[in-house]
Amino acid sequence: MSNNHGTQPVSQAFKPTDLPSLAVLRCFEAAARHESFTAAAEDLSLTQGAISRHVRDLEEHVDAALFRREGRGVRLTDAGRTLAASLSGDLDRLRRTITHAIAAGDTRQTLSIATLPTFGARWLVPRLQSFKGLEPDVELVLYSRSEPFDIAASGIDAAIHFGSADWPGAQLTPLCPEGLVAVVAPALAGHGEAVAPADLLALPLLHISSRPYLWDQFGQSLGGTLRPLRKGSTFDQFSLVIAAAIAGLGAAIIPRYLIETEIASGALLEVAKVPPATDKAYFIATPSGTRNPLAAQFISWIKGQVTTRARMPERR
């Protein structure tokens with residue numbers, strides 16, 4: 001990262017004839033949105049090294065430090081925050097312009113969807129062929145988003161949201177609760193030996209940074225101590241928690257819908273269901289007011305998918 005202190009305004013550092021590439025800007029926007037190079041790399045299907053390299057290139061362009069190191073993570077500097085605020089809207093407008101230009105060239109309809117990264121990769125995308133079967137002429141455009149955003153300004157038609165029923169400027173349709181389960185790899189459990197829920201608390205525990213309370217909640221549900229259960233590794237994406245659990249790095253609490261294949265194959269053992277820790281759930285967000293008519297069809301379809309899954313017997 002640049003050693004400069006970021007006192008020079010970002011706008012003065014750019015040379016109009018020497019703008020950074022779109023790839024560099026996309027990497028910075030993703031890193032700024034997550035304040036995490038790891039999450040940005042997952043969003044864009046790149047390596048963390050590639051994200052870091054592109055951010056470094058942009059810092060040289062603007063002659064200012066855009067991130068500062070904090071422990072193992074990064075945080076935006078004032079210059080980085082200023083640039084990110086402008087760039088996010090600019091990239092969304094560019095995406096809309098390109099999408100509309102493509103759509104204008106043919107008679108196909110476009111539906112743009114924002115999804116949580118792991119939800120999209122592990123649950124939504126594998127089922128989209130079913131939606132395409134209902135709407136074969138619809139072109140889908142998928143974006144990765146982990147936090148609420150200005151959905152009206154973004155031009156995105158629908159977004160998958162986990163959290164409370166609070167998203168300014170959006171209409172929220174309830175989808176489903178999270179359905180958490182505690183799991184462990186067979187190797188860590190002793191290959192075939194029965195595992196009691198309380199046994200998990202003696203193992204290394206894997207945590208998700210967005211829900212650090214999950215193991216505490218689990219321990220309390222077993223009538224255990226109120227002492228925080230924070231030992232073990234922490235990850236900022238469920239996809240990383242899943243990979244770590246399969247590798248035997250520890251026991252994990254994961255939404256069951258994300259690991260149905262691993263549970264069915266025996267790669268992970270489902271030990272216990274975990275009571276919901278909060279009133280948070282999954283919702284589908286659409287812009288308040290006028291919305292793409294296809295969004296209503298998508299909502300109907302995805303609710304049907306969730307209902308079908310809920311009716312299926314669980315394989316233990």
Work out the charge dipole of the range 10-91 with +1 on the Cβ of Lys and Arg and -1 on the Cβ of Asp and Glu about the Cα centre, then indicate which of L46, S88, L58 is farthest towards its positive end. L46
Mind listing the long-range amide H neighbours of A272? Cut-off is under 5 Å, sequence gap 5 or more, other chains count too, H placed in the peptide plane at 1.01 Å from N. A182
Quick query: amide H of H207 versus all other amide H atoms, modeled in the peptide plane; which residues come in under 5 Å with a sequence gap of 5 or more or a different chain? S233, T234, F235
Debye, to nearest 20: dipole size of the range 180-273, +1 on Lys, Arg Cβ, -1 on Asp, Glu Cβ: 300
Cα-based radius of gyration of the range 10-91 once divided by 2.2 N^0.38 Å, which approximates compact folds: 0.99
By average Cβ neighbour count within 10 Å, what is the ranking of 86-95, 51-60 from highest down? 51-60, 86-95
I'd like the chymotrypsin sites (Phe, Trp or Tyr not before Pro) in the range 194-300 restricted to DSSP loop residues with at most 15 other Cβ atoms within 10 Å, sorted by number. Y213
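Count charges around S164 for me, please; just the other residues with Cβ under 12 Å from its Cβ, Lys/Arg as +1, Asp/Glu as -1. Don't skip to the end; give the middle numbers.
On the way: positive: K280; negative: D166, D279.
Value of the local net charge: -1.
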Integer Hz, Karplus 6.51/-1.76/1.60 couplings in order for the range 25-39, x for Gly and Pro: 5, 5, 5, 5, 4, 5, 5, 5, 4, 8, 6, 7, 6, 5, 5
J(HN,Hα) series, the range 248-256, from Karplus relation 6.51 cos²θ - 1.76 cosθ + 1.60, nearest Hz, glycine and proline x: x, 7, x, 7, 9, 10, 9, x, 4
Would you grab the residues whose amide H sits under 5 Å from the one on Q171? Only those 5+ places off in sequence or on another chain, please, with H modelled 1.01 Å from N. T286, S288
Two-site FRET efficiency, S164 against A194, from Cβ-Cβ distance with R₀ of 51 Å, rounded to 0.05: 0.85
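Each reported figure results from applying straightforward, stated rules to the coordinates on display, with no laboratory input. What you see is a predicted model; the values in this text were computed from it and never measured. All Cβ positions, glycine included, derive from the backbone under ideal geometry; neighbour counts span all protein chains shown.
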